[in-house]
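Shown next, in structure tokens, is the structure this report addresses.
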Amino acid sequence: MFNGKFVFAQLIDFLPLYTFRRCVTRYPSSYPTKTFSHLDQYLCMAFAQLTFRESLRDIEVCLRAQESKLYHLGIRGHVARSNLADANEKRDWRIYRDFANALIAQARRLYAADDFGVELANTVYALDTTTIDLSLKLFPWAHFRTTKAAVKMHTQIDLRGNIPSFVHVSDGKMHEVNVLDVIAPEPGSFTIMDRGFLDFMRLYRLAKAGAFFIIRPKSNTIFCRVYSRAVDKTTGLRWDQTVRLDGATSARDYPQYLRYVGFYDKDNNKRLGFFTNNFEIAALTVAQLYKCRWQVELFFKWIKQHLRIKAFFGTNENAVKTQIWIAISIYVLVAIVKKQLGAEASLYTILQILSLALFEKAPLDQLLNDRVTLQNANQRNPIQLTLFD
């Protein structure tokens, strides 16, 4: 029988707590920490993410039911709904942003050699934005429309491991194309975007920095063909052209030539065109890379379904951003655990196992690689009630 640490404590061992403490000291707060520290707050919120808690009272009741075990989980302070609410509202959300970014850097190193389906040595990113709808009455600071509030999560993921490399949380009014002003271009990398990011002045800035992009043109984009290259139409390719922008402003904003690749998607019976500033890779690779953009959509779908970022435990901006960044850090933590323990289970399966086993004493590596446990987790539907065995 295993008499070691609880599963939750084993999970926390993967966190670089020295980095966490450094993030805390970077943003000093007047809110008292003696009875409820920053780490207490983080661990309580992490517990809420891992076990799908619905509210602060839900967190309080569940943790107090296991009060004798909290010290061994790393929670030293007094768990109370008021303490957690005040901490979320008053402690600087940038602490958890910086800590999540530290975990992201660690995860990206672990997944740097992973394959993502396209043979390419360059780093490849997928960039997109998702909107989280809110109540205007409860979140008046998150302006979106006249009768609606929202926050937007602008996310760039590294396709090697689907790890978010950049996240920016804004109110609903910020247009997605403006995030290109915030991201630092990485020379030699590819960024794949949908047509909502089409702004030739910003794309030219990426090109001048030595970065590559792949994006679909809008229907009203004016350009003319300069040169055509032969393509193998049996692969789905339809054209590979060098083009020049001819629009009144686009020609000024992007004065260089672009590459225009056409591809026929027989599954959906659609012809797709892609702009890129890379003239070296194969035309088919351009189409394959754009297909990988769907991974960022899957990331948004996964994190919305399996973590708590659609219903919030606080209503001010600091509480909302704190919860989002802690959710991102938990996603990355699970990815780190999966890689370091060599678990073959999916992130969803691992999350399901952890949600039921946090207060058990079992070796984490055995728990995540046990075939019976994995089979039970895969068969469990978290939204389906079991009436009969």
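A short reminder: the numbers here are calculations on the coordinates, not readings from a lab. Please read all numbers here as calculations on a predicted model, not as lab measurements. With ideal geometry, Cβ positions are generated from the backbone for all residues, glycine too; neighbour counts draw on all protein chains shown.
Dividing the Cα radius of gyration of region 70-143 by its Kirkwood radius returns 1.12 for Rg/Rh.
Please label the shape of region 99-225 as rounded, prolate or oblate, based on the square roots a ≥ b ≥ c of the eigenvalues of the alpha-carbon gyration tensor (a/c under 1.5 means rounded; beyond that, a/b larger than b/c means prolate, else oblate). Could the numbers behind the result be given before it?
Values: a/c = 2.34, a/b = 1.25, b/c = 1.88.
In terms of gyration-tensor shape, oblate.
Along region 84-89 the Karplus relation, 6.51 cos²θ - 1.76 cosθ + 1.60 evaluated at θ = phi - 60°, assigns HN-Hα couplings of 5, 5, 5, 5, 5, 7 Hz to successive residues, with x for each Gly and Pro.
Overall shape of the chain was characterised from the C-alpha gyration tensor. The equivalent ellipsoid obtained from it has semi-axes of 42, 25, 19 Å, in decreasing order.
Work out the FRET efficiency for Tyr257 and Asn178 from their Cβ-Cβ distance, taking R0 = 25 Å, and round it to the nearest 0.05. Can you show the working numbers first?
Values: r = 26 Å, r/R0 = 1.05.
According to the calculation, E is roughly 0.40.
Rounded, prolate or oblate: which fits region 208-299, taking a ≥ b ≥ c as square roots of the Cα gyration tensor eigenvalues, rounded meaning a/c under 1.5, else prolate when a/b beats b/c? Because a/c hits 1.5 or more and a/b exceeds b/c, region 208-299 counts as prolate. Annotation for Phe14 and Leu110: the two label points, set 7 Å from Cα along the Cα-Cβ direction, are 0.5 nm apart.
Remark: region 170-184, residue by residue, has Karplus-estimated 3J(HN,Hα) of 9, 6, x, 7, 6, 6, 4, 5, 5, 5, 5, 6, 9, 6, 7 Hz, where x stands for each Gly or Pro and the curve is 6.51 cos²θ - 1.76 cosθ + 1.60 at θ = phi - 60°. Placing a label point 7 Å from the Cα of Asp246 along the Cα-to-Cβ direction, the residues of region 200-232 whose backbone N falls under 13 Å of that point are 221-227.
Taken along the Cα-to-beta-carbon direction at a fixed 7 Å, the label points for Arg195 and Glu344 span 4.3 nm. Amide H contacts for Asp240 (H built 1.01 Å from N in the peptide plane; partners 5 or more residues away or on another chain; cut-off under 5 Å): Arg229, Gly262. Cross-linked pairs Lys137/Lys310; Lys173/Lys208; Lys90/Lys173; Lys173/Lys321; Lys148/Lys173: Cα-Cα separations exceed 18 Å for Lys173/Lys208; Lys90/Lys173. Highest-first packing order for the peptide set 48-54, 194-200 is 48-54, 194-200, based on the mean count of other beta carbon atoms within 10 Å.
Full extension of the chain between Lys304 and Gln366 yields a length gain of 19.5 nm, computed as 0.36 nm times the residue separation minus the alpha carbon distance. Here r is the Cβ-Cβ distance between Asp58 and Asn269 and R0 is 35 Å; the resulting FRET efficiency, rounded to 0.05, is 0.15. Listed by chain and number, the lysines whose alpha-carbon sits under 26 Å from that of Lys266, ignoring those within fewer than 8 places in the same chain, are Lys218, Lys233, Lys291, Lys301.
With the simple model of a label 7 Å out from the Cα in the direction of the Cβ, Ala311 to Trp294 spans 3.1 nm. Springs between Cα atoms under 10 Å define the GNM used for the chain, and in it the highest mean-square fluctuation of Lys69, Lys34, Lys321 occurs at Lys34.
Restricting the count to DSSP beta bridges whose residues both fall in region 188-254, what percent are antiparallel, rounded to a multiple of 5? Expressed as a percentage, antiparallel bridges in region 188-254 total about 60.
With all pairs of different alpha carbon atoms counted, what Kirkwood hydrodynamic radius in Å does region 4-69 show? Don't jump to the answer; show the numbers that get you there.
Details: mean 1/r = 0.0746 Å⁻¹.
Over region 4-69, the inverse of the mean reciprocal pair distance is 13.4 Å.
Helix-only mean residue ellipticity at 222 nm, the chain, DSSP H runs n ≥ 4 weighted -39,500 (n - 2.57), per residue, nearest 500. What is it? Mind showing how you got there, number by number?
Details: 15 runs with 156 residues, N = 389.
Taken over the chain, the calculation gives -12000 deg cm²/dmol.
Here the Gaussian network model covers the chain, with springs between Cα atoms less than 10 Å apart; of Ala112, Ala207, Ala335, Ala112 fluctuates the most. Taking the Cα centre of each part, how many Å lie between region 68-84 and region 117-182? Using only Cα atoms, the two centres lie 33 Å from each other. Indicate the gyration tensor shape class of region 21-168 (rounded, prolate or oblate), computed on the Cα atoms with a ≥ b ≥ c the square roots of the eigenvalues: a/c under 1.5 is rounded; otherwise a/b larger than b/c is prolate and the rest oblate. Oblate, because a/c is 1.5 or more while a/b does not exceed b/c.
Of all DSSP beta bridges confined to the chain, the antiparallel ones make up roughly 85%. Of the residues Glu297, Glu119, Glu89, the one that moves most in a GNM of the chain with alpha-carbon contacts below 10 Å is Glu119. The aspartates and glutamates whose alpha-carbon is closer than 19 Å to the alpha-carbon of Lys34, local same-chain residues fewer than 8 away aside, are Glu60, Glu67, Asp86, Glu89, Asp92. Here Thr146 and Ser68 are evaluated by their C-beta separation; at R0 = 35 Å the FRET efficiency comes out at 0.10. Sort out for me the Cα centre separation of region 35-52 from region 284-328, rounded to whole Å. Taking the Cα centre of region 284-328 as reference, the centre of region 35-52 is 20 Å away.
With contacts defined as alpha carbon pairs under 8 Å and 6 or more residues apart, what's the relative contact order of the chain in percent? Can you show the working numbers first?
Details: 628 pairs, mean separation 80.6, N = 389.
In percent, rounded to a whole number, it is 21.
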